[in-house]
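To keep things clear, I will list the structure first and then write my remarks on it.
Just so you know, all these numbers are worked out from the coordinates, no wet-lab data involved. Just so we're clear, the structure is a prediction, and the values are computed from it rather than from any experiment. Using ideal geometry, Cβ is built from the backbone for each residue, glycine included, and neighbour counts are taken over all protein chains shown.
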């Protein structure tokens, strides 16, 4: 008894010291008097490196614990597991054939691609103000540290190198992770609601939700966040039922990766601990301290990142605060409006409400409720967390796995109440047929790209065609350099050039292919301080010719070729 108490005390002390170290790092970064350039210079390589370490740890731990995972999962999955393969295959076919692979949030997806390219080529993550591509290698000459977490661009960096920086790389990875999350949801449902057919219902519901279909064909980071949290949840339940060292490392590596997928996903840590307590009891909790210590070490750079970002988060739009209570009522109203116009989502919400009250087990109630809250609530206080905001629904993707689990439980409760004599295989076949019909309806619905993004989508299409006229050693001056860099050309921010117009002459020597200027309705710098003045200033002091032009109802799209005159640059 004395040895056990000493061991327990040592575990508590270890976790307390680690937690204090993490909080000290977070608070220290927030209030540090160190020069901003010093902290940013450190974070530019430290954040991607820590994310790469977490991703590598997940891969290594998953391989090392694969036999133990297989034994635990074998206890969950019933004999009808081939239905899961049918659901995944149907979702893959329908999404490939009917859902267009395109950007749906402008210009965040391009910035993620540019960050990933910087990590792949130089190991540093910066949003470019002036970025140069020479011999297919990208260098961020002038840039700034991003407030975004670096999990997604770090994950994207390696495959981008392998595919030659093809634009479809991110959409292919997101599609794969979205389908993998369908499997993870099925496994979680099998673990949460043992000896029932809830698992096939939950997997089918998750696969058929319109938001999952749409965002699986984009470069957005939220698909990765939903996958990472679901993976951490599966690993936590595995550890709870078989608390081995290998599964402990797998659980905490997955939790670290999930916490680095998006800033608010740090709340996955208490979710993992509650899952272990709910499904493993005291035995699993007593062995939780060393994985927690491992997790704290992995997330120390994230503490530095969050502490630094919290010093002054700005969403990039003048006149808006990143978070605030003033957004809550608007965002809630937009969610209600979305559900009212989306039949599949509405039915899922009704089924989830039934499942929450008539669930066949109460063991999963607390973890699922916590999961829903931490994945749903933060976005309601965000300026972009509205379904009327272009791409706003992506912020809620991480709460769809627990919602689908509750909905599957609700559908099962209706089955037991209304048609209890129907065999599970027949019910699975009937639901799969319903699922395919729902997918077909959603396919005809989601093939229409969001009208709110029509202007930037057309701007990007024009830019991709226009960039064929720009030599590889040329430079494009624009309001959004990451968009141009993501297409494989060097770019500079118009406001940065406008600060010192003599920089144009310096760029002429570095870019023998010539200087170009791109402007379009959605990339107008009017919403940035001094943006419009800088644009007008640059165009007024140089000679120019139109390389490509398009007159559209939204405005004029133009790619200019600039000819710099030394005399015009003299102040």
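Quick check: the angle from helix 198-208's long axis to the longest principal axis of the chain, C-alpha only, nearest 10 degrees?
20
Return one number: the angle in degrees, 0 to 90 and rounded to the nearest 10, between the long axis of the Cα atoms of helix 82-98 and the longest principal axis of the Cα atoms of the chain.
20
Considering every pair of different Cα atoms, what Kirkwood radius, in Å, is found for region 453-569?
It is 14.1 Å.
Residue separation times 0.36 nm, minus the C-alpha to C-alpha distance between residue 551 and residue 365: what's the value?
The span from residue 551 to residue 365 would gain 61.3 nm if fully extended.
Sort region 145-295 into rounded, prolate or oblate with this rule: let a ≥ b ≥ c be the square roots of the eigenvalues of the Cα gyration tensor; rounded if a/c is under 1.5, and if a/c is not under 1.5, prolate when a/b is larger than b/c, oblate otherwise.
Judged from the Cα gyration tensor, region 145-295 comes out oblate (a/c at least 1.5, b/c at or above a/b).
222 nm [θ] for the chain, helices only, -39500 (n - 2.57) per DSSP H run of 4+, per residue, to 500?
-20500 deg cm²/dmol
Can you tell me the FRET efficiency between residue 122 and residue 195 if r is taken as the Cβ-Cβ distance and R0 is 56 Å, rounded to the nearest 0.05?
0.60
If I model a spin label at residue 42 and residue 323 as a point 7 Å from the Cα along the Cα→Cβ vector, what separation in nanometres do I get?
About 2.3 nm, to one decimal.
Report, in degrees rounded to the nearest 10, the 0 to 90 angle that the Cα long axis of helix 245-259 makes with the longest principal axis of the chain.
So the inclination is approximately 40 degrees.
Suppose the chain between residue 543 and residue 20 were pulled fully straight at 0.36 nm per residue; how much longer would it get relative to their current alpha carbon spacing?
Residue separation times 0.36 nm, minus the Cα-Cα distance, leaves 182.3 nm.
Please report the antiparallel percentage of the DSSP beta bridges confined to the chain, to the nearest 5.
Around 75 percent antiparallel, to the nearest 5.
Defining a contact as two alpha carbons under 8 Å apart and six or more residues distant in sequence, what relative contact order in percent does the chain show?
18
Between residue 134 and residue 357, what is the spin-label point distance in nm, taking each point 7 Å from the Cα along the Cα→C-beta axis?
6.8
When ranked by the protection proxy of mean other Cβ atoms within 10 Å per residue, highest first, what sequence do the peptides 13-20, 285-292 form?
Ranking, from highest mean packing down: 285-292, 13-20.
At what distance in nm do the modelled label points of residue 508 and residue 161 sit from each other, each positioned 7 Å from its Cα along Cα→Cβ?
Output for this residue pair reads 3.8 nm.
As a footprinting exposure proxy, order 107, 31, 206 by other Cβ within 10 Å, with the fewest listed first.
31, 107, 206
Quick one: Cα centre-to-centre distance for region 74-141 and region 254-271, in angstrom?
When both Cα centres are located, 19 Å separates them.
Among 333-346, 507-520, how do they line up by average Cβ neighbours within 10 Å per residue, starting with the highest?
My ranking of the peptides, most packed first, is 507-520, 333-346.
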